[in-house]
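As structure tokens, the structure follows; a few thoughts come after it.
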Amino acid sequence: MVIVNPSLLTVGLISVALLHANFVMSQYDPEGHKGTTGNIKQVFEGRCWDYDVTRYIPDLPRVTASCEELWKLFFKAFSYQPPCAVALENYQPYLRSATQIVPRDKVLFWSGVFSLAHEYGNYGRRYVTLEDTLIGYLANSITWCGQSIDPGYNVTRCPAWDDCPLEAAESFWAGASMTFAQGAKGEVLLMLDGSNPDKAAYRRNSFFGKFELPNLSKEVTKVSVIVSHALDKPKIDVCGAGSLDLLETDVTERGFSYVCHDDPLAVLHLLCADDPSSRECKLAIKHIRGDLDPSKVDPPAFNKIQEFF
Ligand code: NAD
């Protein structure tokens, strides 16, 4: 039987705890920069398998490359390289192997309204965003950057996108955005945030303005824009003025037709689902209480149909 000295055991346990703390601390950067996502290979390949099994969108073609091949191509693009010098071209082999052509009239672009756009698109069922395609799904919300020494990627700290012109993840999203736009056909939809006091709804230097709009394929006919305004907040940008005026010019100069809608009901109802008691969403509450004055509101649609017959 092995007898362990209790003081040695305590020292051992403390060392293990310190080692663990050191490992955890090494993932933390005081300026808030994250390192490469832990277990990135497993996360990437796991998402890839899951995409094929549970996230599969019937209208999108399946990708023939295996998940292992896709990981190798993605990893090769940035690993063992300085994090600030990753050319867009590095991701081309991965982008080529993972591209899916989205059906006509189904492409959805967005700026500043990530959650709302994905809810409205119903995660690929109504409209397809870049993040609903395999290319974007595998990389969305993970962090990565390279380093010259093993393991080839930095687990402690990746630069911010603004820190350098060819940051590893920024180059990826630039290439992915271009590829997505080049495959678009028919009428495309763009959802914008009209309530941000710090950022105009449309900016020529956003990913949409810089990489998607200029790369729309010749098979695109129309750009349809939805400007959404947060409930209970001032409307800063609206269709037909300010940055939306600039957008109309940029779209029509490229030969596409243009239409813009502020807060269509379908989108407003989504916002109300998250915040039903806000001032803008009170109509339903009045309806439940029987407080709606029938003389001041349109009759329900079924009455109109009955009148018609
Ligand atoms: P946006 O301003 O809302 O930026 C989109 C996302 O990019 C932000 O949520 C943020 O995660 C990231 N981002 C942008 N600038 C950044 C910066 N300087 N530092 C760190 N992160 C930054 O809208 P956008 O610029 O027009 O990009 C959205 C469009 O481009 C979409 O149509 C999409 O297809 C594509 N895109 C997607 C992602 C993504 O993370 N899923 C990133 C870039 C581009």
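The values are calculated or read from the model by the stated rules, or taken from the named source; none is laboratory data. Just so we're clear, the structure is a prediction, and the values are computed from it rather than from any experiment. Every residue, glycine as well, gets a Cβ built from its backbone with ideal geometry; the counts of neighbours run over all protein chains shown. Accessible surface areas use protein heavy atoms only, side chains included; no ligands, DNA or RNA. Shrake-Rupley method; radii C 1.70, N 1.55, O 1.52, S 1.80 Å.
Once the stretch 160-187 is narrowed to residues that are among the hydrophobic types (A, V, I, L, M, F, W, C) and more than 16 Å from the chain's Cα centre (by Cα), the residue that is nearest to the ligand (Cβ to nearest atom) is Ala160. If you go through the stretch 44-72 and pick out every residue that is open to solvent by less than 50 Å² (accessible area, probe 1.4 Å) and in a helix (DSSP H, G or I), you end up with 8. Within the stretch 174-212, being open to solvent by less than 30 Å² (accessible area, probe 1.4 Å) and within 20 Å of Cys84 (Cα to Cα) holds for Ala174, Gly175, Ala176, Ser177, Ser206. Taken over the stretch 136-147, the criterion of being open to solvent by 10 Å² or more (accessible area, probe 1.4 Å) and touching a Phe, Trp or Tyr at 6+ places or on another chain (Cβ under 8 Å) is satisfied by Tyr137, Ile142, Gln147.
Considered as a group, the residues in the stretch 208-235 that are small (Gly, Ala, Ser) and not in a strand (DSSP E or B) include one that is farthest from Ala181 (Cα to Cα), and that residue is Ala230.
Screening Val107, Val128, Val102, Val113 for residues that are over 14 Å from Ala77 (Cβ atoms) and open to solvent by 10 Å² or more (accessible area, probe 1.4 Å) leaves exactly one candidate, Val113. Scan the stretch 96-122 for residues that are in a loop (DSSP other than H, G, I, E, B), away from the ligand (no atom under 15 Å from the Cβ) and either touching a residue at least 24 places away in the same chain (Cβ under 8 Å) or among the small types (Gly, Ala, Ser) (or both) and the total you get is 4.
Pro234: of a type outside the set (Asp, Glu), modelled with pLDDT of 95 or more and more than 12 Å from the ligand (Cβ to nearest atom), yes or no? Answer is no for this residue. Which one is nearest to Lys222 (Cα to Cα), of the residues in the stretch 158-173 that are in contact (Cβ under 8 Å) with a residue 12 or more places away in the chain and buried (at least 19 other Cβ atoms within 10 Å of the Cβ)? Of everything passing the filter in the stretch 158-173, Trp173 is nearest to Lys222 (Cα to Cα). Selection of the stretch 86-99 for residues being surrounded by fewer than 15 Cβ atoms within 10 Å (Cβ to Cβ) and hydrophobic (A, V, I, L, M, F, W, C) yields only Ala87.
Residue-by-condition table, conditions (1) in contact with a strand residue (DSSP E or B) (Cβ under 8 Å, 6 or more places away or on another chain); (2) more than 19 Å from Tyr94 (Cβ to Cβ); (3) modelled with pLDDT of 95 or more:
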site: Leu134; (1), (2), (3): no, no, yes
site: Tyr137; (1), (2), (3): no, no, yes
site: Asn140; (1), (2), (3): no, no, yes
site: Thr143; (1), (2), (3): no, no, yes
site: Tyr153; (1), (2), (3): yes, no, yes
site: Asp162; (1), (2), (3): no, yes, no
site: Phe172; (1), (2), (3): no, no, yes
site: Gly175; (1), (2), (3): no, no, yes
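Residues that are over 12 Å from Arg104 (Cα atoms), among the aliphatic types (A, V, I, L, M) and in contact with a strand residue (DSSP E or B) (Cβ under 8 Å, 6 or more places away or on another chain) within the stretch 182-212 comprise Leu190, Met191, Leu192, Ala201, listed in sequence order.
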